[in-house]
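Structure record follows, encoded as structure tokens.
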Amino acid sequence: MKTNETHVRKMWNPVAVVLLSLLVLTGVCGVPVESWGREKLSLDKAVSEALERNPDILIARGEARQSSNNVNIGNAGLLPRVDLVGSVNYQDRDEAAQNGLTEYTSSAASLQASYTLFDGFGNIYTFKKLKSEGRKGRLQARNTIENIILSVSEAYYNLADAIEQVAVAEESLAISDDRLKRARLRSEYGQANALEVLSASVDANADSVSWKQAVLGRENARRSLNLLLDRPVKSEYDVETEVLFDKSLNEDEILEAAKKSYSSYLITLEAVKQAEYGVAIARSDFFPQLGVEASYGYSKTLEGFNAGMNDPSGSLAAALTLSYNIFNGFQSSIKSQNARIELRNKKLLEQKTVAELEKQVADTWQSYRNSLDILEFQKKNLESAELNFRRSKELFVLGQLTTTTFREAQRNLIDARKSIASAAYDAKILEQRLQRFAGRLVGEENDQ
């Protein structure tokens, strides 16, 4: 008896206690030891990182700034043009010119300014079109940002799903390992034949393969998210696996908001506006053009090859010009016809886009509601599968249940756990798409 007590004391040394505590906590809490102290990445933080570092988002913002820079009255011809002009002209004539010289050099320098007073309002509509193009550029940038953020959300929930699938695979493998150990013990005591051991070994190996595949899927999902966040491809972190759903979503409200905020649809509306401005610009070719020019300069003529501006003579000139094109080979007519055709096409595209938007919202909404219903069914199915497995395990341990029936109960439980995790994340991804339709995925402060 004393020997046994000594043996027990040796077993329960401080190191063993610590190790056993770690194992107990791991089993109870369901948290792998290697994940302790690791970064917890939330979806909001992932989105924030993408907004700061994702290359596609940074490029989209740069392109939006280019579009904004083009919105300038100078690009529309609404500012005067000012030129500084200089010239040196050498002449060697056989006969004397008006200045009485046969060989002379004329030097001149002048400041010239010109401005279009009226061109059929073409410059005004050009500026309006530039402003529309600037808005379109910002909307295109926002559309790109929304696409990336939606991809980040999907990658985030795909990773969460993959983590859940690994946990379920580990649970299945633990059940199969326990069954294999029991079969071997029963075989040693003559209570089981070799076929039962072999069957348990095959199932354990199959679950090991499933676990390896789940781990590979998890790592692939993490690398996909790292790429979107511009993180090192092997970055390690944990994600939140719990999801909450927005109960305030309404299909009609989402569709109404989409027609006001959905960037892809707003881009189509801007294209219609640009086509309208294009018609007005083409129409301006049928109006006369009125412009004003002014110049002030100095000139000097010297004998021989001698350029210089010593004691030059100054001059001021101004002119008011009016021009009206009578015939230019029907170019203006063709331009006007094409502009009207372009406008008609853009309006048809707008009608098509509205119909597509309504369909997309309806399809996504129906899929979202269907996913939530499936999730509720899966919860009930999981309760039944858990109860069935507990009872099957009790009967299996007592030897009152075949290995085939027990394995079937195990598969039903594992499939139920996998399905409920996937159903929750699928529904959340659909909810994110609805949020995007409503223009809530990216705040207005991130549009620029």
Could you give every pair whose Cβ atoms fall below 6 Å, whose first residue belongs to the stretch 290-316 and is closer than 11 Å to Ser106 by Cβ and of a type in the set (A, V, I, L, M, F, W, C), and whose second residue is modelled with pLDDT of 80 or more and open to solvent by 60 Å² or more (accessible area, probe 1.4 Å), counting only separations of at least 6 or pairs across chains?
Ala307/Val88
Quick check on this structure: which one of Ala160, Ala155, Ala169, Ala183 is at pLDDT 95 or above and under 30 Å from Ser201 (Cβ atoms)?
Ala169
Options Asn250, Asn205; residue that is open to solvent by less than 80 Å² (accessible area, probe 1.4 Å), without any contact (Cβ under 8 Å) to a residue 24 or more places away in the chain, farther than 25 Å from Asn338 by Cα and out of contact with any Pro (no Cβ under 7 Å at 6 or more places or on another chain):
Asn250
Mind checking whether some residue in the stretch 351-364 is of a type in the set (S, T, N, Q) and farther than 28 Å from Asn250 by Cβ?
no
Flag if Glu256 is closer than 21 Å to Asn147 by Cα and either among the β-branched types (Val, Ile, Thr) or touching a Ser or Thr at 6+ places or on another chain (Cβ under 6 Å) (or both):
no
Pick out the one residue from Glu386, Glu358, Glu342, Glu350 that is surrounded by 11 or more Cβ atoms within 10 Å (Cβ to Cβ), over 33 Å from the mean Cα position of the chain (by Cα) and in contact (Cβ under 8 Å) with a residue 24 or more places away in the chain.
Glu386
Looking at Glu171, Glu196, which is the one that is part of a helix (DSSP H, G or I), of a type outside the set (S, T, N, Q) and farther than 23 Å from Gln400 by Cα?
Glu171
Cβ pairs under 6 Å, 6+ apart or interchain, first in the stretch 411-436 and over 25 Å from Asp44 (Cα atoms), second among the aliphatic types (A, V, I, L, M) and open to solvent by less than 20 Å² (accessible area, probe 1.4 Å), ordered by first then second residue, are Asn412/Ala385; Leu413/Ala385; Ile414/Val168; Ala416/Ala385; Arg417/Val168; Lys418/Val168
When (1) assigned to a helix (DSSP H, G or I); (2) more than 22 Å from Arg390 (Cα to Cα); (3) in contact (Cβ under 8 Å) with a residue 24 or more places away in the chain are applied to Leu216, the one that fails is (3)
Let me confirm something: among Gly314, Gly291, Gly278, Gly297, which residue is outside any loop (DSSP other than H, G, I, E, B), open to solvent by less than 30 Å² (accessible area, probe 1.4 Å), in contact with a Phe, Trp or Tyr (Cβ under 9 Å, 6 or more places away or on another chain) and over 30 Å from Phe437 (Cβ atoms)?
Gly291
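Can you pull out the residues in the stretch 188-202 that are crowded, with 16+ Cβ neighbours inside 10 Å, among the small types (Gly, Ala, Ser) and at pLDDT below 85?
Ala192
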Go through (1) surrounded by fewer than 16 Cβ atoms within 10 Å (Cβ to Cβ); (2) assigned to a helix (DSSP H, G or I); (3) polar (S, T, N, Q) for Asn328 and report which single condition fails.
(2)
Of the conditions (1) touching a helix residue (DSSP H, G or I) at 6+ places or on another chain (Cβ under 8 Å); (2) in a helix (DSSP H, G or I); (3) surrounded by 14 or more Cβ atoms within 10 Å (Cβ to Cβ), Leu401 clears all except one; give me its number.
(2)
Name every residue in the stretch 148-200 that is of a type in the set (S, T, N, Q) and more than 30 Å from Leu58 (Cβ to Cβ), in order of residue number.
Gln165, Ser172, Ser176, Ser187, Gln191, Asn193, Ser199
Considering Leu101, Leu41, which residue is surrounded by 14 or more Cβ atoms within 10 Å (Cβ to Cβ), over 24 Å from Leu322 (Cα atoms), modelled with pLDDT under 85 and touching a strand residue (DSSP E or B) at 6+ places or on another chain (Cβ under 9 Å)?
Leu101
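The values are calculated or read from the model by the stated rules, or taken from the named source; none is laboratory data. Here the structure is a predicted model, which is why all the values come from computation and not from measurement. Don't worry about glycine lacking a Cβ; one is built from the backbone with ideal geometry, like all the others, and counts go over all protein chains shown. Side chains included, ligands, DNA and RNA excluded: accessible areas come from the protein's heavy atoms. Shrake-Rupley method; radii C 1.70, N 1.55, O 1.52, S 1.80 Å.
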